[in-house]
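The structure appears below as structure tokens.
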Amino acid sequence: MTNKEQERKALQQIRRIVAGLGENSYVATALDGCFEIAEQNIDNDWACSMKQRAESAEQSAEVVRLAKRAAEDAVKRWRDIADKNQREMEKAQQAAADLRVELEKTRGELNQNREFIENAAKFYRRRISELERLMLGAADVMERLSDTPADIGYSAALKNYRAYKAERAELLGELKKLGSE
């Protein structure tokens, strides 16, 4: 077995031989970087070759390629998820906008209904007041003619009184339905 000093001398001789082959030598080109590896092997008691380094670099490059492909796949999946979420968010925003439009429409209808109810309630109250005046008038006629109940005026006043009273009761019921008693 050779020692480190013998290895260094042999390496120097090989370098001189290769250097003597010239700049464009095929052998010199093939051994490019090998002398440095040999020196490191001698200094560090290693047994590493250019072939091992090349294979290790190829393995590292394959690991990098696989990692890059996995990262690209993950990025694509995340982009797909982000795109899907974006589309769902846009749909939700559109649905919210549609609901706002519908809400405004409903508010407008509600205001119209409220206005209609208020107007109907006013009309019913005025008519009830008018009916109560008419009832009082009919009651006055019935009181004046109470001594002659067979009188046609008395019968007409009683008939009118009953009709006014029935209409008044009906309108009070309608007011109650409107919540405007």
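Bear in mind these aren't lab numbers, they're just calculated from the coordinates by the rules spelled out. The model shown is predicted, which means the values in this text are computed figures rather than measured ones. Neighbour counts run over all protein chains shown; Cβ positions are idealised from the backbone, glycine included.
Side notes on the structure shown:
- The chain, helix-only ellipticity at 222 nm - DSSP H runs n ≥ 4, -39,500 (n - 2.57), divided by all residues, nearest 500: -31000 deg cm²/dmol
- Given charges at beta-carbon only (K, R positive; D, E negative), |dipole| of the chain in Debye: 440
- Taking the square roots of five times each eigenvalue of the Cα gyration tensor of the chain, the equivalent ellipsoid has semi-axes of 122, 13, 10 Å, listed largest first.
- Counting only Cβ charges, +1 for Lys and Arg and -1 for Asp and Glu, the dipole size of segment 13-118 around its Cα centre is about 160 debye.
- Potential lengthening between GLN59 and ILE81 on full extension [0.36 nm per residue; Cα-Cα distance subtracted]: 4.7 nm
- Shape category assigned to segment 1-48 from the gyration tensor of Cα positions, a/c cut at 1.5: oblate
- Among the lysines of the chain, pairs at least eight places apart or on separate chains and with Cα atoms under 18 Å apart come to 5.
- What separates the Cα centres of segment 1-54 and segment 65-130 is a distance of 77 Å.
- Efficiency of FRET between ASP43 and LEU21 - r from beta-carbon atoms, R0 22 angstrom, step 0.05: 0.30
- Contour minus Cα-Cα distance for ASN111 and PHE35 (0.36 nm per residue): 17.9 nm
- Distance (nanometres) between label positions extended 7 Å along Cα→Cβ at LEU99 and ALA150: 7.8
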